[in-house]
Amino acid sequence: MRNMPAVLVVEDEPSIAELIAVNLRHNGFRTTWAIDSATAQRELDDTLPDLILLDWMLPGESGLTLTKRWRSNPRTKEVPIIMLTARGDEADRVAGLDAGADDYISKPFSTRELLARVRAVLRRKAPEPAGEAVTIAGLSLDPGTYRVSYLEQQLKLGPTEFKLLQFLMNSAERVHSRASLLDKVWGDHVYIEERTVDVHVKRLREALGVAGALVETVRGAGYRLTARPMVPLLVPAPLVAGLEKTIV
């Protein structure tokens, strides 16, 4: 039982929660049900699941509020979250992803789609072979230590952003379409929208700070990582003196 992935289902409609739980259990998952935001928080405070299925509209705090809180907490920030909601407009999907959700499923949904998305998110979060360290234009990524730095200053990236950056750095200067990135980075894009790529590229640029200029948008084509950014990179002030000493 301990090797079975644990899923916390946060859903205030008992019939939907039971349907989800039954299908997950029949497919090798352990489930816990929380009927509202307060119960969900207590469950997380007790034990971290492998994944959270989170309804947007809940008694008490909304799923969007919970997602933002859990993403800002070091203990829960890496737990995968899939939002379940009847709010299917693009603006709502973007809001859910921007809040930190890893995926978004609009109601009504099929159990096959739900299971496919759960497995895809868990695959993306699973550790992979390290690979080799790579450095481009002062930006360094080391899969072995899971560290990213720009001019020796450490940067903090989420799991998906790390994987996205690793792929872009390993194929620098090449332009990748959104569909290609979904296939290569996410691994199974049958049920994932291409808009998801834009959200994670935005997060990646924000996490990289000044070095975010290395990730370029190629209009009508996709994204690439370049060693020659169109926007000049700024060197952090503490490093300027040291760099000047190396100039002949």
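Read the figures in this text as sums done on the coordinates, not as results from a lab. Since we're looking at a predicted model, the values are computed, not measured. Cβ coordinates were reconstructed from backbone atoms using ideal geometry, including for glycine residues, and neighbour counts include every protein chain displayed.
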Which number comes out as Rg/Rh for region 1-65 once both Rg and the Kirkwood Rh are worked out on C-alpha atoms? 0.96
Furthest towards positive pole of dipole, 19, 227, 60, structure part the chain, Cβ charges: 227
Region 9-141 - share of DSSP beta bridges that are antiparallel (%, nearest 5): 20 percent
Exposure proxy check: 203, 75 ranked by fewest other beta carbons within 10 Å? 75, 203
Given contacts defined as C-alpha pairs under 8 Å and at least six residues apart, what's the relative contact order of region 16-132, whole-number percent? 21 percent
What's the exposure ranking of 9, 210, going from fewest to most Cβ atoms within 10 Å? 210, 9
Unit Cα scatterers, Debye sum, region 6-125: log10 I(q)/I(0) for q = 0.20 Å⁻¹: -1.13
Report the local net charge at residue 173: Lys and Arg +1, Asp and Glu -1, summed over other residues whose C-beta lies under 14 Å from its C-beta. +2
Nearest 500 deg cm²/dmol is fine: what mean residue ellipticity at 222 nm does the chain get from its DSSP H runs of n ≥ 4 alone, each adding -39,500 (n - 2.57), divided by its residue count? -11500 deg cm²/dmol
Relative contact order (%) - criterion: Cα under 8 Å, at least six apart; region: the chain: 12 percent
Rg [Å, one decimal], Dmax [Å, integer] - the chain, C-alpha atoms: 19.9, 73
Rounded to the nearest 5, what is the percent of antiparallel bridges among the DSSP beta bridges in the chain? 45 percent
Mind checking which of 120, 21, 137 has the largest fluctuation in a GNM of the chain, springs on alpha carbons under 10 Å? 137
Can you tell me which of 180, 15, 37 moves the most in a GNM of the chain? Springs connect C-alpha atoms under 10 Å apart. 15
Counting Lys +1, Arg +1, Asp -1, Glu -1, what net charge surrounds residue 71 among other residues with beta carbon under 12 Å of its beta carbon? +2
Taking neighbour counts of Cβ atoms within 10 Å as a proxy for exposure, in what order, fewest first, do 165, 115 appear? 115, 165
Inter-part distance where region 139-166 and region 64-131 are each reduced to a Cα centre, Å: 22 Å
